[in-house]
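Chemist: What follows is a structure written as structure tokens; I'll ask about it next.
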Amino acid sequence: MKGAVLYGPNDIRVEDLDDPRMIEPTDAILRLAASCICGSDLWPYRGLQPIDGPTHMGHEYCGIVEEVGSAVKSIKPGQFVVGSFATSDNTCPHCRYGYQSACVHREFMLRAQAPFLRVPHADGTLVPTPGGTPSPGLVPSLLAASDVLGTGWFAADAANVNPGGTVVVVGDGAVGLLGVLSAKQMGAGRIIAMSRHEKRQKLAREFGATDIVTERGDEGVARIRELTKGIGADSVLECVGTQESMMQAIHATRPGGYVSFVGVPHGVDLDGQRLFFTHVHLHGGPAPVRRFLPRLIDLILNGTIDPGKVFDLALPLDQVAEGYRAMDERRAIKTLLQV
């Protein structure tokens, strides 16, 4: 099969790869309905996250089960399934507390920018769609549930978004935009999206943003304070992972408010004494997408949400390099790969 392999900064290639094969009796093999490029893929693509030699790319996926191992009980060939970027047995203590992305058997998925994929711990990782195979039009939204929607939902959950509350979303990538959608679903009364990009601002408003703030850093914080009458937001979703975005999030939050951080941190250094006097709650990490998948799948299938709108560029797999360039240059929010 063909698959995407990153060799170094700005060097992504499509190569002939071995078809995935069963390794453990708890594995499943999927034929993917589609794949995509994640914003987190841009960190190694830009050379800001080191890789140890050629690296198979892709961790978001949904598709048809082709084969299951002898120990797999709840997943069957022919089912359409959605999985998480982090595998889980869904039975360990961390999983039972709802943090499947910290499962004691966790593996972070790779190799999903390809037509076929091996998924470890299939029973605990994969969630079948009720009612059989969904229509092709639903595939982008179900694919989004595998990571960016699940991560945006976790961002809103971890930031304690409540009905009527004031929410700020820092970051206008796919995760930030779906954080807006998630906050809306959780009943937020006011959602302030921080964005300088007209197309992303438009989608943020479509997903539920009530205000747009274009300023960044200290100016962005001052604007949030102005909009909240000097108080700050109840909940702030940090969806980028830089020092500036984290400081902006913390300082835009009212005392006693909540900051979630779901953007993979790069160069973030917190001053403990300054943090101490903010009285801000911090909660983040790799999103436990598996916790939310059943609900997210239902919301998609019943038409309540349409997270697939974050895919504004669709390309065949052999044009994956253009998909990376388009996202790196902010010409695209998120690239769907037709495998």
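Chemist: Given H94, H59, which one is farther than 21 Å from A174 by Cβ, at pLDDT 95 or above and of a type outside the set (A, V, I, L, M)? Before you say what the answer is, go through the steps one by one.
Modeler: Values: H59 fails: farther than 21 Å from A174 by Cβ.
Result: H94 is the single residue among H94, H59 that is farther than 21 Å from A174 by Cβ, at pLDDT 95 or above and of a type outside the set (A, V, I, L, M).
Chemist: Further question: Among the helices (runs of 4 or more DSSP H) contained in the range 127-230, which hold 2 or more residues that are among the aliphatic types (A, V, I, L, M), closer than 23 Å to C38 by Cβ and touching a strand residue (DSSP E or B) at 6+ places or on another chain (Cβ under 7 Å)? Spell out how you get there, then give the answer.
Modeler: Numbers: elements: 139-145, 148-158, 174-185, 198-207, 217-227.
In the range 127-230, the matching helices (runs of 4 or more DSSP H) lie at 139-145, 148-158, 174-185.
Chemist: Which ones in the range 72-87 are assigned to a loop (DSSP other than H, G, I, E, B), of a type outside the set (S, T, Y) and in contact with a strand residue (DSSP E or B) (Cβ under 8 Å, 6 or more places away or on another chain)? Walk me through it before giving the result.
Modeler: Initial filter on the range 72-87 (assigned to a loop (DSSP other than H, G, I, E, B)): 72-79, 83-85, 87.
Going one step further and asking which of them are of a type outside the set (S, T, Y), we end up with 72-73, 75-79, 83, 85.
Hits for the range 72-87 are V72, I75, K76, P77, G78, Q79, G83, F85.
Chemist: Surrounded by 17 or more Cβ atoms within 10 Å (Cβ to Cβ), of a type in the set (G, A, S), modelled with pLDDT of 95 or more and farther than 22 Å from D41 by Cα: does that describe A183? Walk me through it before giving the result.
Modeler: On the way: surrounded by 17 or more Cβ atoms within 10 Å (Cβ to Cβ): yes; of a type in the set (G, A, S): yes; modelled with pLDDT of 95 or more: yes; farther than 22 Å from D41 by Cα: yes.
Yes; evaluated as a whole, the condition is true for this residue.
Chemist: Here is a list of conditions, (1) closer than 19 Å to A183 by Cα; (2) assigned to a helix (DSSP H, G or I), and V259 meets all of them except one; can you say which number that is?
Modeler: Single failed check for V259: (2).
Chemist: Within the set of pairs 6 or more residues apart or between chains, which connect a residue that is closer than 22 Å to F292 by Cα inside the range 178-207 to a residue that is assigned to a helix (DSSP H, G or I) and among the aromatic types (F, W, Y) with Cβ atoms less than 7 Å apart?
Modeler: The qualifying pairs are V180/F207; L181/F207; S182/W153; K184/F207.
Chemist: Considering the range 1-60 alone, what residues qualify as being assigned to a loop (DSSP other than H, G, I, E, B), in contact (Cβ under 8 Å) with a residue 40 or more places away in the chain and of a type in the set (G, A, S)?
Modeler: Within the range 1-60, just G58 meets the criteria.
Chemist: Sticking with this one: Could you tell me whether any residue of the range 23-30 is buried (at least 16 other Cβ atoms within 10 Å of the Cβ) and acidic (D, E)? Outline the logic, then answer.
Modeler: The first filter runs over the range 23-30 and keeps only residues buried (at least 16 other Cβ atoms within 10 Å of the Cβ), leaving 26-30.
With the extra rule that they be acidic (D, E), the set shrinks to 27.
For the range 23-30, residues buried (at least 16 other Cβ atoms within 10 Å of the Cβ) and acidic (D, E): present.
Chemist: Still on this structure: Just name the residue that is nearest to L313 (Cα to Cα) out of those in the range 132-189 that are in contact with a Leu (Cβ under 6 Å, 6 or more places away or on another chain) and small (G, A, S).
Modeler: Checked the range 132-189; the qualifying residue nearest to L313 (Cα to Cα) is A145.
The values are calculated or read from the model by the stated rules, or taken from the named source; none is laboratory data. Just so you know, these numbers come straight off a predicted model, no measurement behind them. Here the Cβ is made from the backbone with ideal geometry for all residues, glycine too, and neighbour counts use every protein chain on show.
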